[in-house]
Amino acid sequence: MLNQFSRTELLYGAEAMKKLASSRVAVFGIGGVGGYVVEALARSGIGALDLIDDDKVCLTNINRQIIATRKTVGKYKVDVAEERVHDISPDCVVRTYKTFFLPETENQFDFSEYDYVVDAIDTVTGKLAIVKKADDAKVPVISSMGAGNKVNPAAFEVADIYETSICPLAKVMRRECRKRNIKALKVVYSKETPRRPLEDMSISCKENCICPPGAQRTCTQRRDIPGSTAFVPSVVGLIIAGEIINDIASKC
């Protein structure tokens with residue numbers, strides 16, 4: 001029967017679509033990368049999504065985040081994403097968590113419930129906690145490396161963390177994964193050398209933060225404010241979603 005996923009079924013077949021519909025994916029970080037992951041997973045027929053992010057949509061998110069529009073500024077990202085998912089796939093089961101994921105909050109989540117985990121957050125401690133929890137639960141996980149300050153979307157590739165180079169974030173993750181005896185980690189990264197953002201405080205959130213009222217974390221608390229584009233984080237998110245769909249579908 002014809003439905004919103006029929007074009008996808010033409011490529012993967014009915015059994016794969018049933019597998020996707022019965023799968024639960026957790027997306028940690030609903031920003032420039034994570035928002036596009038959620039979008040593509042919803043449009044591909046994933047049956048359940050856990051969305052984790054404590055942030056609200058900010059005016060400066062509009063340049064790159066699919067959930068960010070003038071109408072959504074000030075709303076929680078997970079709430080906006082949930083509404084968008086249900087507009088696309090009404091039967092998708094969505095659980096939202098207004099949580100900043102760190103080792104201190106990791107016990108809120110049972111990773112054994114997930115068929116796949118997405119790390120699309122910025123903090124190294126949080127990323128490592130996600131990867132370790134997924135590794136302990138023997139659940140597939142894919143991690144986004146540095147997308148900020150980069151302008152070449154064609155440079156991103158999928159690799160194991162121990163095969164990466166140049167990317168500063170990947171370098172830190174390689175070292176820390178070794179310390180934790182993590183044998184492998186699928187990542188999306190780029191060998192493009194990050195650009196240095198302009199040192200213009202008149203257009204930087206660092207001294208002119210306009211985060212919505214009630215935001216738990218503001219730009220003034222960050223060490224650096226990276227530059228970003230509409231076309232780099234989106235590509236990273238879509239690559240991640242493609243890896244998830246292909247991995248799940250291939251298990252049929």
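Below, the figures for the structure above:
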| quantity | calculated |
| --- | --- |
| Cβ pairs under 6 Å, 6+ apart, first in segment 34-48 and over 12 Å from Val93 (Cβ atoms) and in contact (Cβ under 8 Å) with a residue 60 or more places away in the chain, second part of a helix (DSSP H, G or I) and among the β-branched types (Val, Ile, Thr) | Val37/Ile240; Ser44/Thr8; Ser44/Ile245 |
| Residue, nearest to Val188 (Cα to Cα), within segment 110-130, restricted to residues that are surrounded by 16 or more Cβ atoms within 10 Å (Cβ to Cβ) and out of contact with any helix residue (DSSP H, G or I) (no Cβ under 7 Å at 6 or more places or on another chain) | Asp122 |
| Selection from segment 24-41 of residues that are surrounded by fewer than 24 Cβ atoms within 10 Å (Cβ to Cβ) and farther than 18 Å from Lys133 by Cβ | Glu39, Ala40 |
| Meets criteria (within 27 Å of Val139 (Cβ to Cβ), charged (D, E, K, R) and within 16 Å of the chain's Cα centre (by Cα)) for Glu9 | no |
| Test: Ala155 is crowded, with 17+ Cβ neighbours inside 10 Å, of a type in the set (A, V, I, L, M) and at pLDDT 95 or above | no |
| Hey, Lys133 modelled with pLDDT of 95 or more and out of contact with any helix residue (DSSP H, G or I) (no Cβ under 9 Å at 6 or more places or on another chain) or not | no |
| Top-ranked residue of segment 145-158 - restricted to ones that are in contact with a Ser or Thr (Cβ under 9 Å, 6 or more places away or on another chain) and part of a strand (DSSP E or B), ranked as farthest from Gln65 (Cα to Cα) | Glu157 |
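The values are calculated or read from the model by the stated rules, or taken from the named source; none is laboratory data. Computed from a prediction, not measured in an experiment: that's the story for all the values here. Heads up, the Cβs are rebuilt from the backbone with ideal geometry, glycines too, and the neighbour counts pull from every protein chain shown.
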